[in-house]
Structure formats: structure tokens, C-alpha cells
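A.B. asks: Have a look at the structure that comes next, please.
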Amino acid sequence: MGTQKQTVGPMTGKERVLAALNREPVDRTPVCNPTSVATVELMDLVDAPFPEANRQPELMARLAATGYTELGFDSIMPVFSIIQESSALGCKIQWEQKDNWPTVRMREPIWEDVDEIKLPADFLTHPDTQCVLDAIKILKKEYGDEVAVIGKTMGPWSLGYHCFGVEPFLLLSLDDPGKTKLALDRMKEATVAFGVAQIEAGADALTLPDHATGDLVSGEYYERYLRDLHTEFVDRIPIPLILHICGRTVDRMEYIAQTGMAAFHYDSKNQPGESMEVVTERISLVGNINNPETLFSKGPEEVRGEVYKNLDSGVQLVGPECAIPLQTAIENLKEIPKAVQDWHQEHAGLN
Amino acid sequence: MAEITDIQNEIIVDEIEEFIERADERERTINTFAKVAPEMQEIAAALIDGDNDGVDEMTKAALESGTEALEIMDDGLIAGMGIVGIKFRENFIFVPEVLACARAMKAGMAYIEPILSASGIDPVGTVIMGTVKGDLHDIGKNLCIMMLRGAGFVVHDLGVDTSDDEFIEAVEEHGAPILGMSALLTTTMPNMGKTIEAFIDEDLREDVKIMVGGAPVTQEFADDMGADGYGKDALECVALAKKFLEEEDEDWDEE
């Protein structure tokens, strides 16, 4: 049964998350979403709506804290979107309204050639990166002893989509692998710089989204372009890293498990059992409760079923597969920690 | 029924043998290529390889040697894209490779389209495509458009963040019988339903078949919103569009 051992005494959420990321014994499986648990209902509850909660540190921290105070998760994640550092790099952002996530205008790329890649001097003091750093400081001070404060730094493959545009970047990867590797090599400095700054701000772990998803590219692509870079991040960003890639990824989990990352946040398109078989004990898995069909569209009973499926397979950290839909009902989210507690009670003494 | 040995081009033969597993698709593809001229097989093979320069040169040369534009489009470009679509659906190739094939198709169509337009030949059908309001993601929509164009449809691409009014205006302007909407975000997929409502409000719902797709969209969600069809990938999008046209033809026949 994964890392659960009855001999472990009561833990704080923070201890639980960090132990599970290291595949060490835990008192119970931690509930964690390394992407976002922000919802419109939670925004209303604490008066911290989008888009302001993506741009003002106090609001960002207040909304993020609800993941712990209202939902009972073991982690807090203040970075609700994937645009903060792209904004600092110069991408145009559509900030949207309360009921939608901000998005990079990828049809208006900022770079066409590898030689244009440049980390601006104000990259870490830009309002949209600074906001994250300040929010982490607030959360660390307020909740740092109780729950894991998780930051987020985007990987170079995702930054490539944002800065070059999805289609130009994917075509470049086919037409000129050498230039693509050079581009990734240059963009990775943004990943490292923002990651290290979040460690200094007080983050306990970092999510590293890098969307080399099976919906777009092959597993062989991950090996060719990203495995070694992700291994390098483990050395250069000295904190537990949680790689996040949406979609079907089981064909690249073997390579992902070789990187030395602490965990992989995986999508419901991959079955817990098959995924655990591939990664074995080399990397923890986080996930993988379905967002659109279950959390968004169904009820607590179905949520509970998916939580149990993950726990039965030995998945080390349980939570939604990705940033949850903003209209998700709170009762569905609260069901996740409840179901985890119940599963452990039912299995007490069996481990 | 044709045999695979009836196909001259070795690359096409290899592609069929290696990548087309379903019996019906294999039979259909063999039948298609067995009756196709060797020059068209070469164009198809270049397209499958993503060789846009090759497709460019061969299309130009074929036109200069007197081959009809329609033959090049149907027997070379569309036939080649048929194999590309199957390889993509079966995960033998991924988006970068499809993008390269679509670029090659575009290189050929740059010569073909003006000739077909001037000669007044009707396209297979006309489709309006767009990503819904509030959503800036378009790779899935663009793949559908590539496959639709690869199947001979004329597609008007409204891009991303498309409002109800923009969808309605485009359908009316082009007299399009088919509308396709895409969404990647769970926050924006309800906007598909709102657009369908807008067509009802404008009394235009009966004039257009509406198909939807996108990573978080499901058949159940599409049904709840009142869409006419849901496609989980680009090939299903093409199949749906063809089905809608067949239904339209049947309706005409009945009238």
C-alpha cells in the first residue's frame, strides 16, 4: 500500500506532503493539488476574485489559503494559472473575468528566432512574478508550519508554446532539433530563476508544468528534448519538484521516472494501476481525479470512487488531475479529504 | 477489389502495410491508390513525409504536364492526408508531424485552389470553425481544419475567442451548413451551449448542423448542450461533417 505505515505518528499536512514526495512513511495519504483549487465559490467566500487574485499578492494568498482552510487539503498552491512568468517575459495576456483563467495570447508570439530569447532584467521583479513571490511569503508566514506551500515554475517546453506560439514551436521541433534544443536551453534559465526565487520566498516544493503531453507529442519526444533538462532541474532547483503534464503520458512515465523529480502529477487519461506499475518506487504520483467528468459534472459519490481507486493502487498523493474547473462545487472538493480519511480508517491495521 | 500489389509506389505500399490496421480502412485505401496514377502516388507519398518542397514541385510539374487540378487534389493530396489522419489517430505520428503534412498540403493547394475557384467547381462542403468565447487555445481546432481541408472541405476559420455573433454572422455570410466549435478549458466549454442558444434565438438552429470537440468535452456534454455531434479527434470531425452532408442530401432527395 505505497507509503502508508501504521507506526507513523500524527503528522501536519506539511510533514505529510513532504514525506510522501520523498516516498517516506506517512500517517495517511496527503491530499494535494499541485496546480490550482481556486473556484468561483471560494473567490466569493473570501472576496478574492479573478483576475485580481492573479495579480495582487494579498488576494492571491487569501484565495490560495482556502485550499487548506475551507477544503482541508494538505497543501496550498497560490499560482492558479500558467501565465505569471510568461507575462514577465513579455507575452500578451488576456486576463479575463472572474469565471475564467487568464491565458497567454499565443497567436501573438513574442519570439520568432532562438536568438531573440532573452530573460528581461526585471524578470523577477515584474509585477506578475513578484506577486507570486510575495504571496508565498504571506502564506509561509501564516500557514508555513501547518501545510506545504507549493510554488510553480513553468518548464521550457511550455514557455516555448507561450513565447513562440504552439504551432511554430512544434514545427521547429521537427524541422530543426538543434535549434529547438538551443531554445529550450535558453528558456530553462527562466524556469531555474523563478524556481530558486520561490524557494527563497519560502516554498516547500514546486510544481513544474511542462506540457509535452501525449495529446501533442510522442514519448520519444520527451526523452529526446526534456528528460535530461528535467534531470538538470533536480540539481539546480534544490527542492522537491512535482512535474505536471496533462493528457495521456503513460508512454513517457518511464523517462519521467528517470529524472529524479520527487513526483509526477498525472492525468485521469492514465489509470492509477498502470501508472504505478511503470514508475514503481522511483517517483511519487499525484492525482488523478477527473476534472470535467467527475469533479465538475458529478457528485461526491463519484469523487469518492476515484479517490479510492488511487489509494487502492498505492498512489502517494491524492488530488485533482489538474487545475480544477472554476465552477466546481465545493462539496465535491471537500469529499476528497473525507474519502482519504475513510479509506485509511477502513484499511487500518491492514498495511 | 484491388490488391496492394496494384499500387506502384513503394512508400505508399509500406505506409499501408505498416500503419493501416483496420480492415475496412485498409481495403478503402488500397482501392483508392490502386486506381491512382503513379505521379499522384508520388505526391501523396511526399505529403505523408511532410515534404512541402517536394509537393510544391510535383504539383507544379503535374499541372504543367496537363494533369487536372481536381485529380491532383483528390488523388494526390486528399488521398495522402487520408493516411496521415489514420496514423495520427492511432498515435503513430503526433502533432508536429501532422503540422508538417498540412504544410505540404498547403504548398500543393496554393496551385490548385485558384484553378478550382476559377473553374467554379463546388467544394465538398463548407464549414465554419472557431474556438469559443474566452478560450485562446486553437491547436485542436486547427488540426480539425487541416483534416477537413485535407478531405476537400472549404473551411472558414474564425480563430479563437469567438463570440456568438461572430459564429452567426459567419454561418449566414457563407451559407455554411456546418459549424464546428472547440474549447480546451472547462471554464469555456459551457459557452458552446450559449452559442447554440443564440442560434435558436435567431431562429437559425435548423439551418446549421453544429459539432463540438475539445479535450474536456464529452459526448454526454455535447448532448446536454444540444449539439448535433461530438468528435473526439480530427478524423471524427471529418466523419461527422461528411455525415451531416449525407443527411442534407437525403433531406433534399426526400423533398
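A.B. asks: Quick check, is A:Gly9 crowded, with 20+ Cβ neighbours inside 10 Å and either modelled with pLDDT under 95 or assigned to a helix (DSSP H, G or I) (or both)?
C.D. replies: So A:Gly9 fails the test.
A.B. asks: Mind telling me which of the residues A:Phe264, A:Phe296 ends up being within 13 Å of chain B (Cβ to nearest Cβ) and of a type in the set (Phe, Trp, Tyr)?
C.D. replies: Matching residue, one of A:Phe264, A:Phe296: A:Phe296.
A.B. asks: Look through B:Ala37, B:Ala62, B:Ala44 and report the one residue that is more than 20 Å from the chain's Cα centre (by Cα), surrounded by 21 or more Cβ atoms within 10 Å (Cβ to Cβ) and closer than 21 Å to B:Ile121 by Cβ.
C.D. replies: B:Ala62
A.B. asks: Taking the conditions exactly as written (hydrophobic (A, V, I, L, M, F, W, C), touching a helix residue (DSSP H, G or I) at 6+ places or on another chain (Cβ under 9 Å) and within 14 Å of chain B (Cβ to nearest Cβ)), does A:Ala38 satisfy them or not?
C.D. replies: Yes: the conditions hold for A:Ala38.
A.B. asks: Here's something else I'd like to know. Please go through region A:303-328 and pick out each residue that is over 30 Å from A:Gly9 (Cα atoms) and either away from every other protein chain (no Cβ under 14 Å) or surrounded by fewer than 17 Cβ atoms within 10 Å (Cβ to Cβ) (or both).
C.D. replies: A:Gln327
A.B. asks: Could you please find all residues in region A:228-240 being in a helix (DSSP H, G or I) and buried (at least 19 other Cβ atoms within 10 Å of the Cβ)?
C.D. replies: Within region A:228-240, A:Leu229, A:His230, A:Phe233 meet the criteria.
A.B. asks: Do we find that B:Lys106 is within 14 Å of chain A (Cβ to nearest Cβ), more than 15 Å from the chain's Cα centre (by Cα), of a type in the set (Lys, Arg) and on the phi < 0 side of the Ramachandran plot in this structure?
C.D. replies: no
A.B. asks: Let me ask you something else. Hey, B:Lys232 hits all of (1) closer than 14 Å to B:Thr131 by Cβ; (2) assigned to a loop (DSSP other than H, G, I, E, B) but one; which does it fall short on?
C.D. replies: (1)
A.B. asks: Within region A:166-219, track down each residue that is of a type outside the set (Ser, Thr, Tyr), within 14 Å of chain B (Cβ to nearest Cβ) and part of a loop (DSSP other than H, G, I, E, B).
C.D. replies: If the condition is that a residue be of a type outside the set (Ser, Thr, Tyr), within 14 Å of chain B (Cβ to nearest Cβ) and part of a loop (DSSP other than H, G, I, E, B), then A:Asp176, A:His211, A:Ala212, A:Gly214, A:Asp215, A:Leu216, A:Val217 are the ones that fit.
A.B. asks: Looking at region B:121-226, what helices (runs of 4 or more DSSP H) fall wholly within it and have at least 2 residues that are free of Cβ contacts under 8 Å to residues at least 40 places away in the same chain and under 23 Å from the mean Cα position of the chain (by Cα)?
C.D. replies: Helices (runs of 4 or more DSSP H) meeting the threshold: B:139-150, B:164-174, B:219-225.
A.B. asks: For region A:121-151, which positions are among the basic types (Lys, Arg) and within 13 Å of A:Ala197 (Cβ to Cβ)?
C.D. replies: Across region A:121-151, the qualifying residue is only A:Lys137.
A.B. asks: With the requirement that a residue be at pLDDT below 95 and either in a helix (DSSP H, G or I) or under 14 Å from the mean Cα position of the chain (by Cα) (or both), what does region B:244-255 give you?
C.D. replies: B:Leu245, B:Glu246, B:Glu247, B:Glu248, B:Asp249, B:Glu250, B:Asp251, B:Trp252, B:Asp253, B:Glu254, listed by residue number.
A.B. asks: In addition: For residues in region A:104-148 being in contact with a Phe, Trp or Tyr (Cβ under 9 Å, 6 or more places away or on another chain) and within 14 Å of chain B (Cβ to nearest Cβ), which is surrounded by the fewest Cβ atoms within 10 Å (Cβ to Cβ)?
C.D. replies: A:Pro109
A.B. asks: Further question on the same structure: Please find, within region B:172-193, the residue that is nearest to A:Gly247 (Cα to Cα) out of those that are away from every other protein chain (no Cβ under 12 Å) and touching a Lys or Arg at 6+ places or on another chain (Cβ under 9 Å).
C.D. replies: Among them, the one singled out is B:Ser182.
A.B. asks: Mind checking which residues of region B:194-204 are aliphatic (A, V, I, L, M) and either within 30 Å of A:Cys322 (Cα to Cα) or within 14 Å of chain A (Cβ to nearest Cβ) (or both)?
C.D. replies: Hit for region B:194-204 is B:Ile196, nothing else.
A.B. asks: Within region A:18-40, identify whether any single residue is of a type outside the set (D, E, K, R), surrounded by fewer than 18 Cβ atoms within 10 Å (Cβ to Cβ) and within 25 Å of A:Gly195 (Cβ to Cβ), and answer yes or no.
C.D. replies: Yes - at least one qualifying residue is present in region A:18-40.
A.B. asks: Follow-up. Taking region B:205-240, which residues are of a type in the set (Val, Ile, Thr) and more than 14 Å from chain A (Cβ to nearest Cβ)?
C.D. replies: Answer for region B:205-240, where residues must be of a type in the set (Val, Ile, Thr) and more than 14 Å from chain A (Cβ to nearest Cβ): B:Val208, B:Ile210, B:Val238.
A.B. asks: Oh, and also: Is it the case that region A:77-100 has a residue that's charged (D, E, K, R), surrounded by 24 or more Cβ atoms within 10 Å (Cβ to Cβ) and in contact (Cβ under 8 Å) with a residue 24 or more places away in the chain?
C.D. replies: Yes, the conditions are met somewhere in region A:77-100.
A.B. asks: Kindly establish whether B:Glu248 is away from chain A (no Cβ under 14 Å) and farther than 19 Å from B:Gly130 by Cβ.
C.D. replies: So B:Glu248 fits the description; yes.
The values are calculated or read from the model by the stated rules, or taken from the named source; none is laboratory data. As the structure is a computational prediction, the values presented were derived from the model and not from experiment. All Cβ positions, glycine included, derive from the backbone under ideal geometry; neighbour counts span all protein chains shown.
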